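Before any comments, here is the structure.
The values are calculated or read from the model by the stated rules, or taken from the named source; none is laboratory data. Please read these numbers as outputs of a predicted model, since none were measured by experiment. Heads up, the Cβs are rebuilt from the backbone with ideal geometry, glycines too, and the neighbour counts pull from every protein chain shown.
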Amino acid sequence: MKYSTMGMKAVNTKENDNKFSSSIFLELYTLNLMIKKDDCVYGKEVTDYIGSFNLSWKPSNGTMYPIIEKMLTKGLIEVAAKKERKKLYKITEKGRTYYNERSADFKQMLIESANFYNTIANELE
């Protein structure tokens with residue numbers, strides 16, 4: 001796995017030259033949250049959970065819901081229930097396999113990104 005200096009982009013040389021990006025981060029993090037909770041989630045629940053870390057970035061609904069649609073199309077998640085305009089999503093076996101195949105690279109990308117940003121922050125002091 002090769003990572004760019006900006007941290008959120010990486011070239012995955014293992015499979016079809018997939019690139020890590022903020023959308024791949026949200027896709028994998030959503031699957032991670034579903035696995036950790038061992039339950040279904042609402043899209044807003046993912047954005048609210050990320051927002052609870054009080055970071056300078058929180059994905060908007062306009063970012064999150066197209067990613068959820070893409071995950072549905074890829075068969076990684078499915079609609080578990082509908083309540084009025086809200087949909088509850090659950091991970092599929094394909095989604096679990098997808099996550100398990102990529103989680104180690106995902107974790108390494110996050111570690112390297114954190115190291116990059118820490119280095120830059122320390123240089124600014």
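Residue 114 fails exactly one of the following numbered conditions: (1) more than 19 Å from residue 61 (Cα to Cα); (2) over 17 Å from the mean Cα position of the chain (by Cα); (3) not charged (D, E, K, R). What is the number of that condition?
With respect to (1) more than 19 Å from residue 61 (Cα to Cα); (2) over 17 Å from the mean Cα position of the chain (by Cα); (3) not charged (D, E, K, R), residue 114 is out only on (2).
Test residue 121 against the criterion of being surrounded by fewer than 16 Cβ atoms within 10 Å (Cβ to Cβ), assigned to a helix (DSSP H, G or I) and either at pLDDT 90 or above or among the hydrophobic types (A, V, I, L, M, F, W, C) (or both), and give yes or no.
yes
Within the range 74-125, how many residues are acidic (Asp, Glu) and more than 19 Å from residue 35 (Cα to Cα)?
Qualifying residue count for the region: 4.
Restricting to the range 25-58, name every residue that is of a type outside the set (Lys, Arg), out of contact with any Lys or Arg (no Cβ under 8 Å at 6 or more places or on another chain) and modelled with pLDDT under 85.
Residues satisfying the conditions are 53, 54, 55, 56, 57.
Could you grab me the full set of residues in the range 41-79 that are of a type in the set (Val, Ile, Thr) and farther than 12 Å from residue 26 by Cα?
Passing the criteria: 41, 73, 77, 79.
Any residue that is of a type in the set (A, V, I, L, M), within 20 Å of residue 83 (Cα to Cα) and under 10 Å from the mean Cα position of the chain (by Cα) - is there at least one of those in the range 31-41?
No, the conditions are met nowhere in the range 31-41.
Quick one: in the range 40-85, of everything that is without any contact (Cβ under 8 Å) to a residue 40 or more places away in the chain, touching a strand residue (DSSP E or B) at 6+ places or on another chain (Cβ under 8 Å) and not basic (Lys, Arg), which residue is surrounded by the fewest Cβ atoms within 10 Å (Cβ to Cβ)?
79
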